[in-house]
Amino acid sequence: MKKNIHPKSQLVVFKDLASDFQMIAESTLTTDKKIKWSDGKEYPLYEIEISSTSHPFYSGKTVILDTAGRVEKFEERRKLAEAKKQAIIDNKTKKEKVVEVFKGKKKEKTETTEN
């Protein structure tokens, strides 16, 4: 195996910020933060936002986010889209009426010119 091409591995403490769970594992991560472990030694500390102890899939706990706000936003977008769609339909019908009126006048003109 070639020397000096592989990153240095060391024991690192991973701390789950959501549940304050800590575990020690060998890793190539580097960090400036340090923490004293239960064996009295000091190890680099790497803070993670979520781990298996705080993730709803593994922990069985469901976390309810701001679903009311998201549902309300969705409903507003849906109503706006329906209003735009209706406006387009209404606009087309107005255009069709104008075209019909225009064609009617055109027919009248052609009939009068033919006579």
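Table for the structure above
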| read-out | value |
| --- | --- |
| Filter result for ILE64 (modelled with pLDDT of 80 or more, part of a loop (DSSP other than H, G, I, E, B) and of a type outside the set (D, E, K, R)) | no |
| Hits in region 16-35 (condition: assigned to a strand (DSSP E or B) and either touching a residue at least 60 places away in the same chain (Cβ under 8 Å) or under 29 Å from ASN4 (Cα atoms) (or both)) | MET23, ILE24, ALA25, GLU26, SER27, LYS34, ILE35 |
| Search result, residues across region 67-88 that are at pLDDT below 80 and either surrounded by 10 or more Cβ atoms within 10 Å (Cβ to Cβ) or outside any helix (DSSP H, G or I) (or both) | ARG70, VAL71 |
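The values are calculated or read from the model by the stated rules, or taken from the named source; none is laboratory data. The structure presented is a predicted model; accordingly, all values stated were derived computationally and were not measured. Positions of Cβ are generated from backbone atoms using ideal geometry, with glycine treated the same way; all protein chains shown enter the neighbour counts.
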